[in-house]
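Enquirer: Handing you a structure now.
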Amino acid sequence: MINAKQNIKPFEKPTIKMFQTLRLLIFLTGLTFITACSTLAVDVPLVYKIDIDQGNVIDQDMINQLRPNMTKRQVIYVLGSPLLVDPFANNRWDYVYSVQLGHDDRLQDRISLFFAGDNLIHVEGNLTPEANPAPPRSKEMTIDAPKRDLKRTLYEMIAGLFTSDD
């Protein structure tokens, strides 16, 4: 009969090699955790980065449409809903638009509108209405397409495949 105690091996005493292996394993695990959430190369060449638009799209043509004494509804029609409305003073609206094109720096446009009651009284920011804005460009275009000179119609070409021209 085999004694069950004979098959059980006692734990080996830790050796220096085991401690070195354990230290290396802990070091590599810690290094993996530290580097997993970071990168050394922010702008890696040949890597596509998407364009990031944030906020209300505002441009100079939209700002030029603003006039003193416009109502809030008219301003919303021109610029859209404001990004920020001061909850403590309902007379100020802020519009912010930022864009980052790929690897380029972020560009930001900001405009603040001030109201007296329901009427626009003041505009400030890095986009302001121009005194003499250029007339709006016409969006209509006339395109002259060259006339195709067909010797035969499509039906005649298909019919010619099945009939002979004798």
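The values are calculated or read from the model by the stated rules, or taken from the named source; none is laboratory data. Note that the coordinates shown come from a computational prediction; the quantities given were computed from them, not determined experimentally. Using ideal geometry, Cβ is built from the backbone for each residue, glycine included, and neighbour counts are taken over all protein chains shown.
Enquirer: If only one of ILE76, ILE58 is surrounded by 10 or more Cβ atoms within 10 Å (Cβ to Cβ), out of contact with any His (no Cβ under 8 Å at 6 or more places or on another chain) and not in a loop (DSSP other than H, G, I, E, B), which one is it?
Expert: Details: ILE58 fails: not in a loop (DSSP other than H, G, I, E, B).
Criteria check complete, one pass: ILE76.
Enquirer: List pairs: first in region 41-55 and on the phi > 0 side of the Ramachandran plot, second at pLDDT 80 or above and not in a loop (DSSP other than H, G, I, E, B), Cβ under 7 Å, 6+ apart or cross-chain?
Expert: Within 7 Å, the pairs are GLY55/VAL96; GLY55/TYR97; GLY55/SER98.
Enquirer: I've got another one for you. Please verify whether PRO87 is of a type outside the set (Val, Ile, Thr), surrounded by 13 or more Cβ atoms within 10 Å (Cβ to Cβ), free of Cβ contacts under 8 Å to residues at least 60 places away in the same chain and assigned to a loop (DSSP other than H, G, I, E, B), treating the condition exactly as stated.
Expert: no
Enquirer: How many of the residues in region 94-118 are closer than 15 Å to ASN69 by Cα and either in contact with a helix residue (DSSP H, G or I) (Cβ under 8 Å, 6 or more places away or on another chain) or among the β-branched types (Val, Ile, Thr) (or both)?
Expert: 3
Enquirer: So, one more: Every residue in region 121-139 that is part of a loop (DSSP other than H, G, I, E, B) and among the acidic types (Asp, Glu), please.
Expert: First, the residues of region 121-139 that are part of a loop (DSSP other than H, G, I, E, B): 126-139.
Hit for region 121-139 is GLU130, nothing else.
Enquirer: Only one of MET141, MET157, MET70 is hydrophobic (A, V, I, L, M, F, W, C), over 30 Å from PRO45 (Cα atoms) and surrounded by 13 or more Cβ atoms within 10 Å (Cβ to Cβ); which?
Expert: Result of the check over MET141, MET157, MET70: MET70.
Enquirer: From the residues in region 91-120 that are touching a residue at least 12 places away in the same chain (Cβ under 8 Å), on the phi < 0 side of the Ramachandran plot and not in a strand (DSSP E or B), which one is farthest from the chain's Cα centre (by Cα)?
Expert: Out of the qualifying residues, it is ASP118.
Enquirer: When SER81 is evaluated against the numbered criteria (1) under 28 Å from the mean Cα position of the chain (by Cα); (2) in contact (Cβ under 8 Å) with a residue 12 or more places away in the chain; (3) assigned to a strand (DSSP E or B), which criterion, by number, is the only one it fails?
Expert: Among (1) under 28 Å from the mean Cα position of the chain (by Cα); (2) in contact (Cβ under 8 Å) with a residue 12 or more places away in the chain; (3) assigned to a strand (DSSP E or B), the lone unmet condition for SER81 is (3).
Enquirer: Considering each of ILE16, ILE50 in turn, give the residue that is at pLDDT 65 or above and more than 30 Å from SER112 (Cβ to Cβ). Break it down into steps so the answer makes sense when it comes.
Expert: Working: ILE50 fails: more than 30 Å from SER112 (Cβ to Cβ).
Of the residues listed, the single one that is at pLDDT 65 or above and more than 30 Å from SER112 (Cβ to Cβ) is ILE16.
Enquirer: Quick one: ALA89 ticks every box in (1) within 14 Å of PHE114 (Cβ to Cβ); (2) in contact with a strand residue (DSSP E or B) (Cβ under 7 Å, 6 or more places away or on another chain) bar one, so which box is it?
Expert: Checking ALA89 against (1) within 14 Å of PHE114 (Cβ to Cβ); (2) in contact with a strand residue (DSSP E or B) (Cβ under 7 Å, 6 or more places away or on another chain), the one that fails is (2).
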